[in-house]
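Just below is one structure, and these are the notes that go with it.
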Amino acid sequence: MRALDFSLGSLAEYWESPFRGDTNMPHIQITLLQGRTTDQKRKLVTRITDAMVEECNARREAVTVAIVEVPREDFASGGTLIADKK
């Protein structure tokens, strides 16, 4: 069920949004260790968006991608912080 708690400004933005009506819009979240350049992230989100359009028939403007960057001290693998791995 969609919340109906809109201010007038957000209601106008909603109707102008390319996401309006896309209740199943694809949203991809990528978690990466910090250190990638803006150009690398730009290329990554472009290729992921292209794949969603080509393979899942998603509308390009409906695909959203979030990159979450994590410091090496805040990510672990196999019970060991990445910062502690050699």
Size of charge dipole - segment 25-84 - debye, nearest 20, with Cβ of Lys, Arg +1 and Asp, Glu -1, no other charges: 220
statement: Between ASP50 and ILE30, the two model label points (7 Å from Cα along the beta-carbon direction) sit apart by a distance in nm of 1.2
- prompt: How big is segment 25-84 by the Kirkwood estimate over distinct Cα pairs, in Å?
  reply: 12.9
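Throughout, read-outs are computed from the coordinates displayed, never taken from laboratory work. As the structure is a prediction and not an experimental result, all values here were calculated from the model. A quick note on method: Cβ atoms are made from the backbone with ideal geometry, for glycine too, and the neighbour counts reach across all protein chains shown.
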